[in-house]
Amino acid sequence: MLGHQRIISALRTAIQKDNVSHAYIFEGPDGVGKRATALKFASMLMCREDQFPCGECKSCQLYREASNPDFQEIIQKDKSISVEEIRNILKGLVIRPLYSDYKVIIINDADTMTIQAQNALLKSLEEPPPYVVFILTVQSLAAVAQTIRSRCQRILFNRLSHEDIMEIMESKYGPRQSDWEFIVSYADGVAGTALELAESPHSLELREEVLEFTSRLVSDRDADPFKFYETFEKNNDRVDYILHVILLYFRDLLIYKETGDTSLLINSDKKDMIIRNVELSFSHIIKCIQAVWDARRGLGNNANFQLAIEVMLMKIQKADNA
Ligand SMILES: [Zn+2]
């Protein structure tokens with residue numbers, strides 16, 4: 001578990017000092033590591049050795065095999081978590097833990113619990129058996145009843161640093177790859193986004209296609225913007241991603257023009273494409289960025305998809321003489 005060491009060590013201290021709360025709310029953006037931390041905390045709570053989690057005791061073994069009866073987890077499947085799901089989980093709480101000192105219940109995406117589900121949970125939070133620990137994960141506290149919030153210790157998960165995410169990638173995939181600078185910048189502090197992107201060859205190929213096209217469109221009067229539109233049409237569920245890639249391209253071009261330093265580029269593995277267009281003026285590049293923002297705003301306001309994109313592509317191509 002990298003990236004949230006400070007939180008993990010505070011939770012470890014709470015266990016050592018026998019100062020564990022009955023309920024926690026882990027709050028933070030999707031993909032930032034709330035569930036991974038909750039699972040780690042659960043393994044620490046359920047191990048009975050001094051050096052926890054030992055990985056060897058009966059409780060640890062069963063937990064690893066996902067068959068420890070002292071542990072339960074709700075993973076949201078439908079749009080919301082229903083009262084039945086909560087009741088099912090609460091049913092067994094009166095039975096003391098079999099292998100551990102605690103019974104641990106993780107409710108992921110607890111901000112999607114229905115009102116009835118929240119009410120059912122509230123009863124257990126008001127009078128929890130002494131050995132029960134609830135861990136709720138939420139993106140935002142806004143959808144969680146005040147009565148529940150006030151009974152939980154809140155732990156805030158911030159976005160991770162660039163270096164933290166690089167370390168997580170290294171621990172998972174080995175030595176750094178040339179496109180990681182792009183992946184980590186795009187992920188913007190959310191490890192889950194970085195890992196998803198790293199494991200999506202299609203997204204990485206799409207990025208190359210978009211960079212190639214963009215670099216051609218700004219420099220080649222004969223490039224066909226309508227041909228570029230086909231890429232958008234084929235990937236219309238990834239339009240946010242494509243626009244983001246285009247913006248990062250122009251960002252790099254500005255940085256390189258200003259500093260001449262390729263080590264500052266997000267697309268450092270594609271520096272040839274960026275250097276190729278260093279002759280573009282600052283005002284030209286800024287007009288291109290403006291065109292992407294306009295398209296983004298238009299699409300956010302339900303503008304016609306094809307029109308918004310094609311207008312953007314033409315503006316990018318003609319930005320030098322506008
Ligand atoms: Zn153990």
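The values are calculated or read from the model by the stated rules, or taken from the named source; none is laboratory data. In this text, all values refer to a predicted model and were calculated from it rather than measured experimentally. Here the Cβ positions follow ideal geometry from the backbone for every residue, glycine too, while neighbour counts run over all protein chains shown. With ligands, DNA and RNA removed, areas are computed over all heavy atoms of the protein, side chains included. Shrake-Rupley method; radii C 1.70, N 1.55, O 1.52, S 1.80 Å.
Electrostatic tally near Lys271: other residues with Cβ closer than 11 Å to its Cβ, Lys and Arg +1, Asp and Glu -1, net -3. The simple spin-label model puts a point 7 Å past each Cα toward its Cβ; for Glu233 and Ser21 those points are separated by 5.3 nm.
Measuring from a point 7 Å past the Cα of Asp272 along Cα-to-C-beta, which residues in segment 204-219 have an amide N at less than 19 Å? Inside the label zone: 205-219.
For segment 148-210, the set of chymotrypsin sites (Phe, Trp or Tyr not before Pro) satisfying both a DSSP loop assignment and a count of at most 10 other C-beta atoms within 10 Å is empty. Return the subset of Lys227/Lys271; Lys234/Lys315; Lys172/Lys234; Lys40/Lys123; Lys34/Lys257; Lys34/Lys234 for which the Cα-Cα distance in this structure is over 28 Å, preserving the input order. From the list (Lys227/Lys271; Lys234/Lys315; Lys172/Lys234; Lys40/Lys123; Lys34/Lys257; Lys34/Lys234), the Cα-Cα distance tops 28 Å for Lys172/Lys234; Lys34/Lys257; Lys34/Lys234. Please compute the volume of the convex hull spanned by the alpha-carbon atoms of segment 104-261 and report it per residue in Å³. For segment 104-261, the hull spanned by Cα atoms encloses 174 Å³ per residue.
Remark: segment 275-288, residue by residue, has Karplus-estimated 3J(HN,Hα) of 4, 3, 10, 5, 6, 4, 7, 4, 5, 4, 5, 5, 5, 5 Hz, where x stands for each Gly or Pro and the curve is 6.51 cos²θ - 1.76 cosθ + 1.60 at θ = phi - 60°.
Taken over the Cα atoms of segment 194-293, the convex hull encloses 102 Å³ per residue. For segment 217-322, the set of GluC sites (Glu not before Pro) satisfying both a DSSP loop assignment and a count of at most 11 other C-beta atoms within 10 Å is given as Glu279. Here's how it looks for Ala23: its modeled amide H is under 5 Å from those of Phe134, Gln153, which are all 5 or more places away or on a different chain.
Axis angle, to the nearest 10 degrees, between helix 115-126 and the longest C-alpha principal axis of the chain: 50 degrees. Length gained on full extension, Trp293 to Leu98, computed as 0.36 nm times the residue gap minus the Cα-Cα distance: 64.4 nm. Among the trypsin sites (Lys or Arg not before Pro) in segment 1-62, those placed in a DSSP loop whose Cβ has at most 11 other Cβ atoms within 10 Å are Lys17. Against the compact-protein benchmark of 2.2 N^0.38 Å, the Cα-based radius of gyration of the chain scales to 1.26.
In order along segment 195-201, the phi-based Karplus estimate (6.51 cos²θ - 1.76 cosθ + 1.60, θ = phi - 60°) of 3J(HN,Hα) comes to 5, 4, 5, 4, 9, 10, x Hz; Gly and Pro are listed as x. Derived scalar couplings between HN and Hα for segment 76-93 equal 4, 10, 8, 5, 9, 8, 8, 5, 4, 4, 5, 4, 4, 6, 6, 3, x, 5 Hz in order, rounded to whole Hz, by the Karplus curve 6.51 cos²θ - 1.76 cosθ + 1.60 (θ = phi - 60°), x for Gly and Pro. Taking the 1.4 Å solvent-accessible surface of segment 263-314 as the whole, the part contributed by carbon and sulfur is 57%. Taking the 1.4 Å solvent-accessible surface of segment 136-219 as the whole, the part contributed by carbon and sulfur is 45%. Per residue, the accessible area of segment 5-156 comes to 52 Å² when a 1.4 Å probe rolls over the protein heavy atoms.
Quick one: angle between helix 305-317 and the longest Cα principal axis of the chain, in degrees between 0 and 90, rounded to 10, please. The two axes meet at around 50 degrees.
Heavy-atom accessible area with a 1.4 Å probe sorts Ile165, Ile286, largest first, into Ile286, Ile165.
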